Amino acid sequence: MRAARRRAARKRLSRTRQIRSYLLACSAVLLATQTARAQDVPVPLPRNDYGAVGLIDMPSARMAPDASFTMGASFTRNIEHFNFGFQATPWLETSFKYTGFEHLNADYSVYYDRAFGAKIRLWDEDGLFPAVAVGANDLIGTGLFSGEYLVASKQFGSVDATLGLGWGRLGSTDLFKNPIGLIFKSFNTRQNGDAPGATAFNLLFHGDVGLFGGLVWQTPVDGLQLLAEYSSDKYTNETTQGTTKPNQTQFNFGAAYQLDASTNLSLDWLYGDRVMGAILFQFDAAHDPFPQKIGPVPIQPRIRSNEEQQQAINALLRHNAGTDPAQLISSSGALVDAIWARDQSVDARVESGVLYLTTSNDAKALCRDAAEIAGRYVAHIATVNVSDGKQRLRCPVISHPLADPGVTTEASAILATSPPPPSSVMTIDMRASAPTDTKAVTAMLTDAIKKQNLQVNAIDYDGTEITVYYTNTYYYSEAEAVKRLTQLLMADAPASVEKFHLISVVVGIPQREFDVLRGTAERDISQNGALDLRADVTTTTAPMQNPILTAGEADVFPRFYWGAFPQFRQQLFDPNNPFAVQFLAAAGVGVEPVRGLLLYGEGEISVYDNFNTLRPASSSLPHVRTDYLQFFTQGRDGIGQLDAEYRFRMAPDVFATVRAGYLESMYMGAGGEVLWRPSGERWAIGADLYDVQERGFDRLLDLQSYHVVTGHVSIYWASPWYDLNFQVRAGQYLAGDRGITFMASRRFSTGVEIGAFFTRTNVSAAQFGEGSFDKGILVRIPLGWVAPISTQDGISTIIRPVQRDGGQTLDNDATLYDETRRSSDPEWYLETGKNP
């Protein structure tokens, strides 16, 4: 008993000395830096081996710049770390770590472990108050790195100081009892975790607590940082397995150097007995590193003379004389253009026959002039109300006959007084007038549009309006295609044309209409020096009846397609083969007999792969995906796809497709999908249903016996909140299990999209097997973001910690949302910065 008490006393004394030495060291440094000049947090912020912003091994309360993501690797004796970090929002950081241990597990020479982490900033640094964050490591994983923390960081001149409390692995120094246990006694003990891959929420912030902290010094040498930390992780798990000997000290030291804008190198001394080297690559998903692309130069717009503008406006009004008068203001924009020419500070709206104007100038003069102008342009407005912030005036409108295009009117006189455009903008083009013959105009514009690498499906010119049906398979952004088309038409279309109708056609189906008032666009260019897509373009649903498109494509069917392209497959995290890849050469051939119907086949030849099947599938569920490697080893060369697909619209906002044949490398069958995507809304609802049978492993024409019906109802929401996208799918999966999938991702105007998903079904964790439930990371990167080229191609991959059979879906079972995304309203808001 006495010996036991002596050992307990020595342990308490040891803890007391650790706490005392740690606090004294931190206090000395903090006091020494109190008088230092305050400055911004050191940039770039260091990251730990979890991929999270922190110190060397410990976290900090700092957050990386919004939308940044990193990929890195670090190596020390017997251990290697690979990590991925993503700043999902300004206050939420996510991370993924893949770690290899030598001799940790007797069954593997190198045992690999996966761990997901997250950190939430509770509040940022403000004056005397530090930044504070809470987070968890290995939140979903095996639990080998499971640990939670509460951490604070404060800037003192060129030194950034961090102090935190840790639980789990970050509390393995056991410096004191859990303070939460004073309220809830169950938090005093930390039980073993659940099945690997489960969310062990019952462990969070349980068990004894450790102290950690450290300092980051931004040295006078540009890009060089020196780091020191006290770690609360004793690496107990690895020590007991013989991977590493007990720590000599809990203090770690390191140096990090920013080699260039995207590369950081670091060298650390850990636990008093080892060196760790690391490399980190940093990226900014929100900004395009190559804003100037290789390709055709955009056509600069031409600004018509005031006389040309007035004549075009009057001609359009005459053309629309039979239109409902209430629609004339929105269809021509003439009234707004004329009033804006009188007062450029005006904001206007029309409600119930009243024109409401807000101005920063003289309300009295504007009220009188606006009433006169309104009387000449529209018949349904009876009153003008004007406010200048000090007074509200009301002026009755006196109607006048529609002005003759050749007669000088009050409006044309006002337009004539509008200021000239800046010299940096192309103004009146004194070259010969554009042709006015219909065939000559359409032929000239068709040729010019093709030179912009856009396909013209059909084009119509009636003297005052131009309608262009186009297909964009070149530019990643639909806004880029619309901008180029608008500027080209402003430059080359006859001066009499006042309105452009641009209708996007995707896989043969008209999807979206973009309407441009030429005078409004000219006004914005004159004022701002550039086209403003947010203000100058109105988006609507494409018409159901498209006689212009039908006539324009009368002789193009059957239409043939072909292409050759590389492909890439991966199989990650297999302990026997942790990084398995396959590179393929693929070729596709298609024929479109009529619009919307496509017959398509794709063949594949393996160029290189290191796949192996040494680890047989052990799933108790039907092997709907765990036989993945069987298909791509026995069927290295095979048929990737051979099917017929018909796309159509059931209503203006309802899209549909039906498919039959060899739908993907592992399944053949038939089915279809319907998507309702209401115009102007950020949400959409879809449903898909397929009857499929498993293909033979050789990926030719033979079939296996497994057969299943799979289908889902899907709800999509492209939120305006940090441009986060949410998707919920519920239904029956390939293994016959039923459940729900939740996905959240953040999409940027660059096209980069990063997110995560999980699926829970009626299959238990024990039946599911390793991982407990399906989950993973989604990454989409356009090639135009990594190279100065315009293309719609990109890298799209889903990274799963482990491939199992539960919660699996048919490839390309729900494609309509992505097919309609490029020209959708949410994507338009994202690309143009318009956020209604």
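The values are calculated or read from the model by the stated rules, or taken from the named source; none is laboratory data. Only a predicted model underlies this, so the values are computations on that prediction, with no experimental measurement involved. Counting neighbours? That spans all protein chains shown, and the Cβs are built from the backbone with ideal geometry, glycine included. The protein model used for the area step is the full one, side chains on, heavy atoms only, and it has no ligands, DNA or RNA in it. Shrake-Rupley method; radii C 1.70, N 1.55, O 1.52, S 1.80 Å.
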Worksheet item: If you go through the range 481-492 one residue at a time, how many are in contact with a helix residue (DSSP H, G or I) (Cβ under 8 Å, 6 or more places away or on another chain) and either touching a residue at least 60 places away in the same chain (Cβ under 8 Å) or surrounded by fewer than 22 Cβ atoms within 10 Å (Cβ to Cβ) (or both)?
Response: 5
Worksheet item: Say we look at the range 542-555 and pick out the residues that are of a type in the set (A, V, I, L, M, F, W, C) and within 36 Å of the chain's Cα centre (by Cα); which of these is most open to solvent (accessible area, probe 1.4 Å)?
Response: Met544
Response to the item:
Exactly one of Phe96, Phe82, Phe101 is assigned to a strand (DSSP E or B), open to solvent by 40 Å² or more (accessible area, probe 1.4 Å) and either under 20 Å from Ile279 (Cβ atoms) or at pLDDT below 90 (or both), and that one is Phe82
Item to complete: For the range 712-742, name all the residues that are in a strand (DSSP E or B) and closer than 23 Å to Phe283 by Cα.
Response: Leu724, Asn725
Response to the item:
How many residues of the range 784-836 are outside any loop (DSSP other than H, G, I, E, B) and either of a type outside the set (D, E, K, R) or touching a strand residue (DSSP E or B) at 6+ places or on another chain (Cβ under 7 Å) (or both)? The answer is 19
Practice prompt. Considering each of Ala118, Ala133 in turn, give the residue that is outside any loop (DSSP other than H, G, I, E, B) and touching a Pro at 6+ places or on another chain (Cβ under 8 Å).
Written response: Ala133
Fill in: Any hit, the range 796-810, residues being touching a residue at least 12 places away in the same chain (Cβ under 8 Å), among the acidic types (Asp, Glu) and in contact with a Leu (Cβ under 8 Å, 6 or more places away or on another chain)
yes
Practice prompt. Determine if the range 746-753 includes at least one residue that is assigned to a strand (DSSP E or B), acidic (Asp, Glu) and either over 27 Å from Leu629 (Cα atoms) or under 15 Å from the mean Cα position of the chain (by Cα) (or both).
Written response: yes
Fill in: Counted residues, the range 46-79 - those being surrounded by fewer than 22 Cβ atoms within 10 Å (Cβ to Cβ) and charged (D, E, K, R)
2
Discussion item. Taking the conditions exactly as written (of a type outside the set (Val, Ile, Thr) and either touching a His at 6+ places or on another chain (Cβ under 7 Å) or open to solvent by 30 Å² or more (accessible area, probe 1.4 Å) (or both)), does Ser620 satisfy them or not?
Written reply: yes
Discussion item. If the requirement is being charged (D, E, K, R), open to solvent by 20 Å² or more (accessible area, probe 1.4 Å) and out of contact with any Asp or Glu (no Cβ under 7 Å at 6 or more places or on another chain), which of these qualifies: Asp818, Asp737, Asp774, Asp811?
Written reply: Asp818
Worksheet item: Which ranges mark the helices (runs of 4 or more DSSP H) fully within the range 521-640 that have 1 or more residues being within 30 Å of Gly100 (Cβ to Cβ) and at pLDDT below 90?
Response: 628-634
Discussion item. I'd like to check something: does the range 409-417 contain any residue that is at pLDDT 85 or above and buried (at least 16 other Cβ atoms within 10 Å of the Cβ)?
Written reply: no
Discussion item. Among the residues that make up the range 458-465, is at least one of them open to solvent by less than 10 Å² (accessible area, probe 1.4 Å), assigned to a strand (DSSP E or B) and touching a helix residue (DSSP H, G or I) at 6+ places or on another chain (Cβ under 8 Å)?
Written reply: yes
Fill in: Hits in the range 100-132 (condition: in contact with a Leu (Cβ under 8 Å, 6 or more places away or on another chain), under 18 Å from Asn83 (Cβ atoms) and not aromatic (Phe, Trp, Tyr))
Asp113, Ala115, Gly117, Ala118, Lys119
Worksheet item: Of all residues in the range 515-534 being without any contact (Cβ under 8 Å) to a residue 60 or more places away in the chain and touching a Ser or Thr at 6+ places or on another chain (Cβ under 9 Å), which is least open to solvent (accessible area, probe 1.4 Å)?
Response: Val516
Discussion item. Just to be sure I understand, how many residues within the range 742-771 are polar (S, T, N, Q) and either closer than 20 Å to Phe69 by Cβ or open to solvent by less than 20 Å² (accessible area, probe 1.4 Å) (or both)?
Written reply: 4
